[in-house]
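Here, each number is a calculation from the coordinates, and none is a lab measurement. Just so it is clear, the structure is predicted and the values come from calculations on it, not from any experiment. Please note: Cβ atoms are built from the backbone with ideal geometry, for glycine as well, and neighbour counts cover all protein chains shown.
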Amino acid sequence: MVDLGLNGVLINSHTNNEFLDQPQYWAILEAAEALETPIYLHPRIPPAQMYGALTDYTLYSALWGFGIEASTHAVRLLMSGVFDEFPRLKIILGHMGEGIPFWLSRLDTISSSRPGMPTTVRRPSEYFIENFAIVTSAMLWDPILTFCHSVLGPEKIMFGIDYPFAPSAVATRWMDAAPLPQADKRMIYQENAERIFSL
């Protein structure tokens with residue numbers, strides 16, 4: 001990555017129905033942490049073990065399946081101890097965090113109250129707030145933006161288009177009019193990407 005001048009890595013989520021929390025892939029996470037290179041975990045069609053329930057109504061696609069595939073992958077990372085092993089690892093999720101900001105309180109409550117849950121040093125929400133950043137990518141709705149802003153802070157959100165699901169002009173008009181301070185919009189539009197990707 002250093003020789004190629006890469007400022008980040010995009011991984012199209014699961015590979016052969018396997019996920020990055022599985023130990024055979026930890027060398028990737030170790031390298032990303034050592035090189036201070038964030039991983040953008042991009043959604044894809046759900047793996048075989050999830051796919052069957054999503055075949056009707058094209059639920060396997062961007063309508064629903066892509067988001068739950070990527071969020072499941074991310075929750076596996078949160079629960080697995082990956083961030084205890086690689087505390088400086090940075091993961092980026094699109095689509096306003098693939099729904100995970102909404103679930104953080106629930107993840108904390110259930111993971112601390114059920115026997116047999118993996119033991120991690122910190123709560124899932126703490127790993128998410130510390131180790132993840134999110135991208136707006138076609139989630140052009142003020143309530144989602146303001147919720148994520150209140151949970152994660154403006155420094156963890158980046159602006160993204162997700163064309164063709166949201167044309168550039170539409171997404172930009174929405175962000176320009178969003179009910180956030182101009183300084184926070186500047187962070188979301190530009191400064192966070194510059195910092196996270198070392199641009």
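Go through the residues of region 151-162 one by one and say whether even a single one is aromatic (Phe, Trp, Tyr) and farther than 20 Å from Ile68 by Cβ.
Scanning region 151-162 turns up at least one residue that is aromatic (Phe, Trp, Tyr) and farther than 20 Å from Ile68 by Cβ.
Here is a list of conditions, (1) exposed (fewer than 13 other Cβ atoms within 10 Å of the Cβ); (2) touching a Gly at 6+ places or on another chain (Cβ under 8 Å); (3) of a type in the set (Phe, Trp, Tyr), and Tyr40 meets all of them except one; can you say which number that is?
Single failed check for Tyr40: (1).
From the set of residues in region 3-22 that are under 18 Å from Glu194 (Cα atoms) and touching a Ser or Thr at 6+ places or on another chain (Cβ under 9 Å), which is surrounded by the fewest Cβ atoms within 10 Å (Cβ to Cβ)?
Filtering first and then ranking leaves Leu6.
Among the listed residues Tyr51, Tyr57, Tyr25, identify the single one that is part of a helix (DSSP H, G or I) and exposed (fewer than 14 other Cβ atoms within 10 Å of the Cβ).
Tyr57
Tell me which of these Ala32 doesn't satisfy, since it passes every other one: (1) among the aliphatic types (A, V, I, L, M); (2) in a loop (DSSP other than H, G, I, E, B); (3) surrounded by 14 or more Cβ atoms within 10 Å (Cβ to Cβ).
Condition not satisfied by Ala32: (2).
For region 77-90, state whether one or more residues are touching a residue at least 24 places away in the same chain (Cβ under 8 Å), small (Gly, Ala, Ser) and within 18 Å of Phe128 (Cβ to Cβ).
Scanning region 77-90 turns up at least one residue that is touching a residue at least 24 places away in the same chain (Cβ under 8 Å), small (Gly, Ala, Ser) and within 18 Å of Phe128 (Cβ to Cβ).
Are there any pairs with C-beta distances below 8 angstrom linking a residue in region 19-43 that is in contact (Cβ under 8 Å) with a residue 24 or more places away in the chain and of a type in the set (Lys, Arg) to a residue that is surrounded by 15 or more Cβ atoms within 10 Å (Cβ to Cβ) and outside any helix (DSSP H, G or I), with the two at least 6 apart or on different chains, and if so which?
Close Cβ pairs (under 8 Å, with a partner that is surrounded by 15 or more Cβ atoms within 10 Å (Cβ to Cβ) and outside any helix (DSSP H, G or I)) do not exist here.
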